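One structure below.
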Amino acid sequence: GSKNFVKNNYNIEVDDHGTHVAGTIAAITNNGKGVAGVAGGDYANGVKGCKVMSCEIFNDDEYDDNNGSDETISNAIKWGADHGALISQNSWGYYADVDYNGYISNKEYNDLKNLVVPSILTAAIEYFNKYAGCDNAGNQKAGSMMKGGVVIFAAGNENIDIDPICMQCDGGAV
């Protein structure tokens, strides 16, 4: 199952980034298509790959209050744990280049470095780590590959070169 947490329905709005990420993970291998995912199984030998669940937390409507909100994201992470996900792959993060000028200033870097992740997100991640693969009593579900889950975040989504001349960290250039 998949869910759109922005619109609170089950209609996923296809996006090139999400489709790319899902393919990197789960594209079926050894099927003559020329693409292979890291967990795509092996078609020729009958080995099934992973299943992908889409939890939409962003859309193109910048005025939608649910679009990328901490509550929307937290609900999606928890829902994934409650609906069979064992790995939560998150290709999103906080932007450092808030003025969108193509580089990260010292102020932007320090603001990001000092960012405190909201407690609602921390709680959702901790929930996923503890309860993915578990039943309502917190016991590992029969057939689950593991008790508890793994939450992964992508890095580098801004595609920005950080100028070591303008960026200092702990007294030295980054």
**Request:** Give segment 4-50 a look and list any residue that's outside any loop (DSSP other than H, G, I, E, B), among the hydrophobic types (A, V, I, L, M, F, W, C) and over 23 Å from Ile77 (Cβ atoms), or say none.
**Result:** Ala44, Val47
**Message:** Suppose we keep only residues that are β-branched (Val, Ile, Thr) and at pLDDT below 90 within segment 115-140. Which one would you say is surrounded by the fewest Cβ atoms within 10 Å (Cβ to Cβ)?
**Reply:** Val116
**Complete:** Residue pairs within 7 Å by beta carbon, gap of at least six or interchain, first lying in segment 99-128 and farther than 20 Å from Lys78 by Cβ and free of Cβ contacts under 8 Å to residues at least 60 places away in the same chain, second not in a helix (DSSP H, G or I) and not small (Gly, Ala, Ser), listed first then second, are Gly102/Ile160; Glu108/Asp97; Glu108/Val98; Leu112/Tyr94; Leu115/Tyr94
**Asked** Which one is least open to solvent (accessible area, probe 1.4 Å), of the residues in segment 4-56 that are among the charged types (D, E, K, R), touching a Gly at 6+ places or on another chain (Cβ under 9 Å) and within 18 Å of Gln89 (Cβ to Cβ)?
**Response** Glu56
**Asked** Taking Leu112, is it under 25 Å from His20 (Cβ atoms), open to solvent by 40 Å² or more (accessible area, probe 1.4 Å) and either charged (D, E, K, R) or not in a loop (DSSP other than H, G, I, E, B) (or both)?
**Response** yes
**Request:** Tell me which residues, restricted to segment 86-109, are assigned to a loop (DSSP other than H, G, I, E, B) and open to solvent by 70 Å² or more (accessible area, probe 1.4 Å).
**Result:** Tyr94, Tyr95, Val98, Asp99, Tyr100, Asn101, Tyr103
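The values are calculated or read from the model by the stated rules, or taken from the named source; none is laboratory data. These figures come from a predicted structure and were not determined experimentally. Cβ coordinates were reconstructed from backbone atoms using ideal geometry, including for glycine residues, and neighbour counts include every protein chain displayed. Surface areas here come from the heavy atoms of the whole protein model, side chains and all, with no ligands, DNA or RNA. Shrake-Rupley method; radii C 1.70, N 1.55, O 1.52, S 1.80 Å.
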